[in-house]
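The values are calculated or read from the model by the stated rules, or taken from the named source; none is laboratory data. Quick caveat, the model's predicted, so the values are computed rather than measured. Here the Cβ positions follow ideal geometry from the backbone for every residue, glycine too, while neighbour counts run over all protein chains shown. Side chains are part of the model used for accessible areas, which takes the heavy atoms of the whole protein and leaves out ligands, DNA and RNA. Shrake-Rupley method; radii C 1.70, N 1.55, O 1.52, S 1.80 Å.
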Amino acid sequence: MAACRWLLGTWIVIQYGCAVGYPKATRDSTMRDCSKTPPYLPATVKISTEDLRNLRQEMQAQNISAYIIPATDAHLGGYSAPREKRRQWLSGFTGSSGTAVVTSSRAAVFTDSRYWTQAERQMDCNWELQRTISSGDIVAWIFSEVSSGQQIGFDPFLFSIDEWTRYNNLIKDSGRILHSIPDNLVDKIWGSQRPSLPNSEIYSLPNDFVGDTWQQKVVNIRDQMKNHAQKPTAVLLSALEETAWLFNLRAQDIPFNPYFYSYALLAEDSISLFVNNMSRITPELSTYLNTNCPQSTCVKVLDYNQVRESVTDYVKGNVIVWIGTKYTNYGLYEIIPKEKLLAEEYSPAMITKAVKNKKEQELLKNCHIRDAVAVIQFMIWLEKTVPSGTVNENNAGDYVDSLRAKQAHFKGPSFGTISASGLNAALPHYRASNESYRGLTVNEIYLVDSGGQYFDGTTDITRTVHWGKPSDFEKEAYTRVLIGNLELSMLVFPSDTSGRVIESFARRALWEIGLNYGHGTGHGIGNFFSVHEWPAGLQSTNIPLREGMFTSIEPGYYQEGDFGIRIEDIVVVVEAKTEHTFENQKYLTFEKVSLVPYDKNLIDIKLMTEIQINHVNNHYKKIRDILGKELKNQNLNEEYTWLEKKTEPLSHGQFITASLTLLIVSFASCVFFQNESI
């Protein structure tokens with residue numbers, strides 16, 4: 001140990017003696033520059049002048065001085081159909097998070113740090129980038145443009161109840177008027193260019209791929225209604241995943257997400273399903289929803305646009321409607337009398353869906369095994385092909401999708417693959433395009449965040465690799481990101497602990513040296529659902545963690561203009577085996593479901609503890625046992641050999657010789673450069 005301490009100390013002294021500092025960020029020439037005359041605009045921006053002029057004419061006709069344009073649709077999920085992307089169409093900014101505001105003379109997009117660089121690449125100089133998503137900051141900006149007595153317009157179907165409440169509380173005493181306009185103004189100017197209504201096939205999942213029948217789920221939700229203190233008589237389901245989950249139905253109305261535009265009203269003695277384009281309910285589906293059912297469990301299918309009218313009729317009776325405020329839009333909320341409303345953050349369907357039963361857990365684990373096969377094939381292909389100079393971000397992203405397509409039960413990617421090399425990897429949600437893509441080289445970091453949809457589950461995994469000689473800073477950043485992933489994965493915590501309470505364990509190793517990342521640490525994931533499935537996860541608005549929940553763990557670090565690192569694994573919450581049990585409370589921990597090894601070339605093992613190394617080695621043994629068997633079953637011998645090599649155990653000892661060699665080289669280099677300077 002004394003020799004190791006001396007070696008480490010000497011190494012540090014030499015590195016500081018020869019160091020010239022960490023790489024400095026440089027301005028990205030692919031971003032707009034509005035300070036120039038004329039402004040510099042890269043090919044990736046949208047020219048918005050005419051569309052903004054048309055919108056302002058509509059605003060003037062409505063007598064409003066500002067118009068708020070969220071990124072959501074009426075179901076308030078993270079993804080929407082192309083016809084619902086109003087903010088994106090108007091501004092050119094494609095990020096999933098962010099709100100646009102247009103006044104008579106200014107236009108701004110408000111978004112978080114994940115998207116600042118992306119916004120600068122996609123918006124022309126008609127738009128200001130406001131580096132915040134706070135409602136308070138948005139309203140303060142509006143107040144600087146809108147005088148007392150003037151109106152601020154919004155579409156009530158694009159605002160959640162909570163969001164409307166925040167805006168209303170900030171505006172109501174200011175003299176300005178928050179004005180509801182149900183006919184969306186962007187839709188009016190979009191006109192015939194607006195994409196058509198989704199019309200994908202709606203189908204039922206085979207019984208082998210569901211945890212419970214839809215009839216069992218109806219009984220479960222009705223039992224929760226009966227047992228609730230306020231005795232609700234109906235549950236209004238507004239989130240698309242709630243309806244898909246309840247009836248075990250899927251479609252493809254939204255890219256990458258197996259949903260169909262719908263609502264459901266599940267009452268004590270009736271069930272109404274509201275679907276756009278009634279012709280999609282085939283005779284087979286009608287039979288599926290209405291076979292051998294007493295009246296209370298037969299499903300009445302109605303047109304999507306009848307939901308507001310139907311809810312209005314229902315609340316005329318002696319009823320109480322249970323809603324989840326997170327996903328119910330203000331346009332529906334405002335028609336329910338408050339004395340007939342039971343409002344909680346999430347509906348009982350959303351809460352129930354978050355905890356997977358034993359069958360659902362096994363299904364999700366199985367799809368991650370097959371998914372890992374595809375990712376490992378991709379890693380081998382990259383190692384072979386990148387040195388030839390023929391691989392770029394676009395064809396790499398396409399190739400990993402094509403490998404997944406060869407696996408059983410595949411239904412498509414779970415999101416647009418993030419395939420990012422070098423400085424592009426510094427954008428957490430980067431999307432390669434014909435204008436921005438870069439080639440992959442052995443001299444730069446490559447980050448790939450990708451996933452698949454399968455009948456039995458949804459996958460999401462991020463790996464960061466380097467095939468050449470990474471810099472010391474790149475290795476330290478990668479290792480600290482890996483340590484964060486490991487420390488949170490190993491954590492033992494009481495049942496019902498909120499994810500936001502423990503997510504900082506993933507940041508500790510970065511915080512130690514003054515680094516951090518600007519996105520969340522984890523999100524839920526489901527059985528053939530959205531890749532970001534709520535309400536499980538590690539963010540402030542997620543529900544407390546319970547056994548059977550799945551979440552990602554994905555710390556990262558992003559050096560603007562240089563490189564980016566993220567290491568993402570999917571984990572399931574399991575019971576921890578503890579020596580003691582305080583007040584008979586169950587303790588929990590995480591079990592990793594992702595089965596792809598990390599990049600040894602980027603690991604600085606000197607930064608890791610024996611506990612962290614042992615955790616990696618134990619996980620590697622699990623990968624060899626589970627994935628090795630699958631590779632043999634698929635007759636993938638090259639992949640099996642690769643896996644054995646990449647999952648060889650880590651140890652401090654194996655790096656001492658290498659460190660000593662580097663020590664000598666560094667010392668010689670230092671002397672050489674000193675002589676050169678003389």
In the set K338, K326, the lone residue that is without any contact (Cβ under 8 Å) to a residue 24 or more places away in the chain and open to solvent by 20 Å² or more (accessible area, probe 1.4 Å) is K338
Can you tell me which residue in the range 225-256 is nearest to N277 (Cα to Cα), limited to those that are open to solvent by 10 Å² or more (accessible area, probe 1.4 Å) and without any contact (Cβ under 8 Å) to a residue 40 or more places away in the chain?
K226
Mind checking which pairs have a first residue in the range 298-311 that is farther than 13 Å from Y261 by Cα and a second that is of a type in the set (S, T, Y) and outside any strand (DSSP E or B), Cβ under 7 Å, 6 or more apart or different chains?
K300/S270
Could you grab me the full set of residues in the range 172-198 that are under 16 Å from M59 (Cα atoms), basic (K, R) and open to solvent by less than 80 Å² (accessible area, probe 1.4 Å)?
R176
Here are S135, S105: which of them is farther than 21 Å from K46 by Cβ, in contact (Cβ under 8 Å) with a residue 12 or more places away in the chain, of a type in the set (S, T, Y) and open to solvent by 10 Å² or more (accessible area, probe 1.4 Å)?
S135
Reported set for the range 395-409 where residues are open to solvent by less than 50 Å² (accessible area, probe 1.4 Å) and either aromatic (F, W, Y) or in contact with a strand residue (DSSP E or B) (Cβ under 7 Å, 6 or more places away or on another chain) (or both) is A396, G397, V400, D401, R404
Output yes when any residue across the range 605-612 is more than 27 Å from the chain's Cα centre (by Cα), closer than 19 Å to W381 by Cβ, at pLDDT 95 or above and of a type outside the set (A, V, I, L, M), and no when none is.
no
Would you be able to tell me the number of residues in the range 446-473 that are over 21 Å from Y557 (Cβ atoms) and not in a loop (DSSP other than H, G, I, E, B)?
5
Does K365 meet the test of being buried (at least 17 other Cβ atoms within 10 Å of the Cβ), in contact with a strand residue (DSSP E or B) (Cβ under 8 Å, 6 or more places away or on another chain), of a type outside the set (S, T, N, Q) and in a loop (DSSP other than H, G, I, E, B)?
no
If you scan the range 428-459, which residues turn out to be more than 26 Å from R121 (Cβ to Cβ) and aromatic (F, W, Y)?
Y454, F455
Go through the range 551-594 and count every residue that is of a type in the set (S, T, Y) and either free of Cβ contacts under 8 Å to residues at least 60 places away in the same chain or farther than 27 Å from G457 by Cα (or both).
5
Taking the range 53-67 and the residues there that are more than 15 Å from D183 (Cβ to Cβ) and touching a Ser or Thr at 6+ places or on another chain (Cβ under 9 Å), the one that is surrounded by the fewest Cβ atoms within 10 Å (Cβ to Cβ) would be Q60
Being at pLDDT below 95 and either part of a helix (DSSP H, G or I) or under 22 Å from L382 (Cβ atoms) (or both) narrows it down to one residue among L627, L663, L631, L643; which is it?
L663
Only residues that are among the aromatic types (F, W, Y) and either within 30 Å of E474 (Cβ to Cβ) or surrounded by 13 or more Cβ atoms within 10 Å (Cβ to Cβ) (or both): list them for the range 562-595, please.
F563, Y587, F590
Would a scan of the range 152-171 turn up a residue that is under 25 Å from G518 (Cβ atoms), of a type in the set (K, R) and open to solvent by 20 Å² or more (accessible area, probe 1.4 Å)?
yes
Out of E503, E476, sole residue that is surrounded by fewer than 24 Cβ atoms within 10 Å (Cβ to Cβ), in a helix (DSSP H, G or I) and out of contact with any Asp or Glu (no Cβ under 9 Å at 6 or more places or on another chain):
E503
The number of residues in the range 306-322 that are open to solvent by 30 Å² or more (accessible area, probe 1.4 Å), closer than 21 Å to A229 by Cβ and in contact with a strand residue (DSSP E or B) (Cβ under 7 Å, 6 or more places away or on another chain) is 1
Which residues, taken from the range 68-91, are open to solvent by 30 Å² or more (accessible area, probe 1.4 Å), of a type in the set (S, T, N, Q) and assigned to a loop (DSSP other than H, G, I, E, B)?
T72
Among (1) closer than 24 Å to D313 by Cα; (2) open to solvent by 10 Å² or more (accessible area, probe 1.4 Å), there is one condition L289 misses while meeting the rest; what is its number?
(2)
Looking only at the range 488-519, how many residues end up being of a type in the set (G, A, S), within 24 Å of T609 (Cα to Cα) and in contact with a Leu (Cβ under 6 Å, 6 or more places away or on another chain)?
1
So, of the residues in the range 391-445 that are in a loop (DSSP other than H, G, I, E, B), without any contact (Cβ under 8 Å) to a residue 60 or more places away in the chain and out of contact with any Phe, Trp or Tyr (no Cβ under 9 Å at 6 or more places or on another chain), which turns out to be farthest from W116 (Cα to Cα)?
K406
So is P258 of a type outside the set (S, T, N, Q), out of contact with any Cys (no Cβ under 7 Å at 6 or more places or on another chain) and modelled with pLDDT of 95 or more or not?
yes
Going through the range 292-310 one residue at a time, which ones are part of a loop (DSSP other than H, G, I, E, B) and among the polar types (S, T, N, Q)?
N292
Select from the range 514-547 the residues that are outside any strand (DSSP E or B), open to solvent by less than 20 Å² (accessible area, probe 1.4 Å) and aliphatic (A, V, I, L, M) and list them in ascending order.
I525, V531, L538, L545
Contact list, first residue from the range 49-77 and farther than 18 Å from N126 by Cα, second anywhere and open to solvent by less than 20 Å² (accessible area, probe 1.4 Å) and charged (D, E, K, R), beta-carbon distance below 6 Å, six or more apart or interchain, is A71/R87
